[in-house]
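Taking it in order: structure first as structure tokens, then the write-up.
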Amino acid sequence: MVKLTLPKNSRIKPGRTLKSPGGVSLDKPASSRTFQVYRWQPDTELCKTESPNLPRYDQFSLDVNQCGPMVLDALITIKNDIDPSLTFRRSCREGVCGSCAMNIDGVNTLACIKPIAEVEGVIKVNPLPHMPVIKDLVPDLKQAYAQYASIEPWLKTSSPDQPDQEHRQSPEERAKLDGLWDCVLCFCCSTSCPSYWWNSDQYLGPATLLQSFRWVQDSRDETRRQRLEQLNDEMKLYSCHTIMNCAKACPKGLNPAKAISQIKQQIAREFD
Ligand code: SF4
Ligand code: SF4
Ligand code: FES
């Protein structure tokens with residue numbers, strides 16, 4: 001077993017325990033649940049007084065019968081009623097924007113589609129693992145987005161522009177994009193992939209590779225071979241060792257490992 005020495009400032013100290021002021025529910029009995037939430041607030045006095053400046057776990061108790069059923073609903077209630085400084089990303093509340101990705105009960109997922117009732121005991125909420133944290137539950141996705149931009153995720157053609165014509169696609173060609181276009185770029189998969197943890201500066205990771213396969217598979221794109229040539233790299237692509245964490249982690253039920261293996265198969269067929 002590998003032994004790792006963690007830097008001092010990665011230790012997490014106990015934080016505060018806070019309760020919801022509560023209210024009166026006319027139709028449901030109170031049901032109190034505790035949320036243990038990772039806090040890292042480099043700009044607050046509370047953290048600045050510590051040396052080294054350590055993150056902490058705050059415990060929030062609230063009556064979950066007074067908020068919506070998902071973990072995101074509870075976080076919004078905590079922010080509204082208990083601690084407005086709690087910081088997290090969210091937008092659609094429907095599992096389609098990918099912004100509320102975090103680690104809940106040890107699993108990377110989207111907070112807006114994770115039912116509170118599915119978690120037993122204390123509900124532990126952490127930022128996506130192995131990413132720098134900007135604040136609380138907000139990971140720094142700069143590098144992941146730069147890798148995504150590097151695959152040029154847009155339709156590329158070399159034929160002369162015909163602005164008055166559509167790029168037509170048969171139903172069969174369109175069906176090849178199913179399971180790929182549905183990716184919401186939440187990075188739950190990449191941040192659960194051990195290969196990405198250790199080599200995220202060079203390995204593109206399952207999210208970006210699934211997205212790149214989406215363009216390789218698009219019958220309207222005329223740069224398929226160049227795309228495959230760019231992916232044909234020991235670190236960018238072949239750092240995937242088929243561990244399959246990515247497919248287990250995807251909250252949209254997609255299979256990045258399969259997309260990666262299909263890229264490898266196409267490269268093996270066309271370049272060997
Ligand atoms: S299959 Fe590849 S991309 Fe998926 S978790 Fe394993 S190493 Fe990472
Ligand atoms: S493949 Fe799934 S887990 Fe990975 S970024 Fe896309 S939606 Fe998120
Ligand atoms: S808020 Fe958009 S996916 Fe959760």
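Per the listing 178, 182, the residue uniquely closer than 29 Å to residue 100 by Cβ, part of a loop (DSSP other than H, G, I, E, B), within 14 Å of ligand 2 (Cβ to nearest atom) and free of Cβ contacts under 8 Å to residues at least 24 places away in the same chain is 178.
Selection within the stretch 230-253: residues that are surrounded by 13 or more Cβ atoms within 10 Å (Cβ to Cβ) and among the polar types (S, T, N, Q). The member of this set that is farthest from ligand 3 (Cβ to nearest atom) is 232.
When you scan the stretch 141-149, do you find a residue that is more than 21 Å from residue 268 (Cβ to Cβ) and not in a helix (DSSP H, G or I), even just one?
Of all residues in the stretch 141-149, those more than 21 Å from residue 268 (Cβ to Cβ) come to 141-149.
Subset that is not in a helix (DSSP H, G or I): 141.
Yes, because at least one residue in the stretch 141-149 is more than 21 Å from residue 268 (Cβ to Cβ) and not in a helix (DSSP H, G or I).
Can you find a residue that is of a type in the set (A, V, I, L, M, F, W, C) and away from ligand 3 (no atom under 16 Å from the Cβ) anywhere in the stretch 214-222? Lay out the reasoning, then the answer.
So in the stretch 214-222, the residues of a type in the set (A, V, I, L, M, F, W, C) come out as 215-216.
Next cut, away from ligand 3 (no atom under 16 Å from the Cβ) only: 215-216.
Looking for residues that are of a type in the set (A, V, I, L, M, F, W, C) and away from ligand 3 (no atom under 16 Å from the Cβ), one finds at least one in the stretch 214-222, hence yes.
Limited to the stretch 222-262, what total is found for residues that are outside any loop (DSSP other than H, G, I, E, B) and in contact with a Leu (Cβ under 6 Å, 6 or more places away or on another chain)? I'd like the intermediate steps shown before the answer.
Just the residues of the stretch 222-262 that are outside any loop (DSSP other than H, G, I, E, B), to begin with: 224-231, 245-249, 256-262.
Still in the list and also in contact with a Leu (Cβ under 6 Å, 6 or more places away or on another chain): 231, 256, 259-260.
Going through the stretch 222-262 one residue at a time, the tally reaches 4.
Screening residue 105 with (1) within 24 Å of residue 234 (Cβ to Cβ); (2) surrounded by 16 or more Cβ atoms within 10 Å (Cβ to Cβ) gives one miss only, at (1).
Just so you know, all these numbers are worked out from the coordinates, no wet-lab data involved. Keep in mind that what you see is a predicted model, and the values were worked out from it rather than measured. Because the Cβ atoms are built from the backbone with ideal geometry, glycine has one as well, and the counts that use them run over all protein chains shown.
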